[in-house]
Amino acid sequence: MPRILAKETLAPDVVRFWIDAPAIARKRRPGQFVIIRTDETGERIPLTIADADPAHGAISLIVQAVGKSTHKLNRLEPGDTILDVAGPLGQPTRIEPGMRVCCIGGGIGTAVVYPIAKGVRAAGGSVAGIIGARTRDLIILEREMSAVADPCLVTTDDGSYGRKGLVTEALRMLLGEGYGFDEVVAVGPLPMMQAVCSVTRPLGLKTIVSLNPIMVDGTGMCGGCRVTIGGEQKFVCVDGPEFDGHQVDFAEVAARLRAYREDEAAAMDRYRAEIASA
Ligand code: NAD
Ligand code: FES
């Protein structure tokens, strides 16, 4: 079973794990993800492979504790094992040599955009980075993004660090300053990805977003991750997770995510009660 090699807290409720998974570390490409289960009864959790170290056979996963399964995962420590880590799954990011990309990460979405930015740089391209969070302590991977992006702008909604404002304001600023991009990659909460698309659509600037619906099997069989892209049905686990943001039916994605919210809240309440009585 894959073993946790290292664990580090990046922000409140956000943990980076390095996990022993040599085959995945060798094969994975930017944009791909794994599905993990912590135990036999556990939910399947899709997580982007944030980084890989093939020489040491390790992958890194960044986990925000939002529900029962992710809270349980984030309680694991180095030396603990994970029941299964399946992957790499999904289509890799389409990276052309020398492309100019603006990589935008909103909150925990920075963990998804970072491997893409790193991959673009590795292919001889240039990256402008924008990473935003509500407040200073929620900014993650600033050092890592700064190593591959120039400029690398940081925004906070409350102005406690970097530029005050949303990531879209920093994007407008870069575009106003004459930065030219072949494409924009935006990953974060749905309203953020929609807002980025609203900025780029009138400019005809290609914009890729990464979707993270509920997933079950991760093989395109169960239909759990169905989305509509340009009027066509796609499955995020096999056709994505990245899609042309100008073609995504965001309202449908949001509605499907909302459908599970009550069940997730109930599972979290039961889990809190279990922990309190343990
Ligand atoms: P958040 O709500 O704190 O937002 C992070 C930043 O995104 C903000 O600081 C702001 O700069 C920008 N933003 C948010 N709403 C915006 C808007 N309407 N217009 C312009 N910019 C906006 O983010 P969080 O709490 O870290 O994110 C959690 C959400 O991200 C969850 O809903 C989760 O499902 C989603 N998520 C998505 C992915 C993915 O692959 N798309 C991965 C992980 C998490
Ligand atoms: Fe089942 Fe994608 S997770 S079809």
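Of note:
- Picking from residues in the range 179-222 that are touching a Phe, Trp or Tyr at 6+ places or on another chain (Cβ under 7 Å) and within 16 Å of ligand 2 (Cβ to nearest atom), the one that is nearest to Val66 (Cα to Cα) is Ile214.
- Only one of the listed residues (Val148, Val112) is aliphatic (A, V, I, L, M), away from ligand 1 (no atom under 14 Å from the Cβ) and in contact (Cβ under 8 Å) with a residue 12 or more places away in the chain. That residue is Val148.
- When the range 53-68 is filtered for residues that are open to solvent by less than 30 Å² (accessible area, probe 1.4 Å) and in contact (Cβ under 8 Å) with a residue 40 or more places away in the chain, the ones remaining, listed by number, are Ala58, Ile59, Ser60, Leu61, Ile62, Val63, Ala65, Gly67.
- Residue check for Ala195: among the hydrophobic types (A, V, I, L, M, F, W, C), closer than 27 Å to Val253 by Cα, in contact with a Lys or Arg (Cβ under 9 Å, 6 or more places away or on another chain) and within 11 Å of ligand 1 (Cβ to nearest atom): no
- Hits in the range 198-218 - residues which are out of contact with any Leu (no Cβ under 6 Å at 6 or more places or on another chain), within 14 Å of ligand 1 (Cβ to nearest atom) and among the β-branched types (Val, Ile, Thr): Thr200, Thr207, Ile208, Val209, Ile214
- Against the test of being over 15 Å from the mean Cα position of the chain (by Cα) and within 25 Å of Arg270 (Cβ to Cβ), the options Pro78, Pro12 yield a single qualifying residue, Pro12.
- Yes/no for Asp244 being touching a residue at least 24 places away in the same chain (Cβ under 8 Å), away from ligand 2 (no atom under 14 Å from the Cβ) and open to solvent by 20 Å² or more (accessible area, probe 1.4 Å): yes
- Test for Gly176: is it more than 16 Å from ligand 2 (Cβ to nearest atom), farther than 24 Å from Ile45 by Cβ and open to solvent by 60 Å² or more (accessible area, probe 1.4 Å): yes
- Inter-residue pairs, beta-carbon under 6 Å, first farther than 14 Å from Met192 by Cα and in the range 163-174, second polar (S, T, N, Q), 6+ apart: Arg163/Thr155
The values are calculated or read from the model by the stated rules, or taken from the named source; none is laboratory data. Model, not experiment: these values are computed from the prediction. Don't worry about glycine lacking a Cβ; one is built from the backbone with ideal geometry, like all the others, and counts go over all protein chains shown. Protein only, heavy atoms only, side chains kept; ligands, DNA and RNA dropped before computing areas. Shrake-Rupley method; radii C 1.70, N 1.55, O 1.52, S 1.80 Å.
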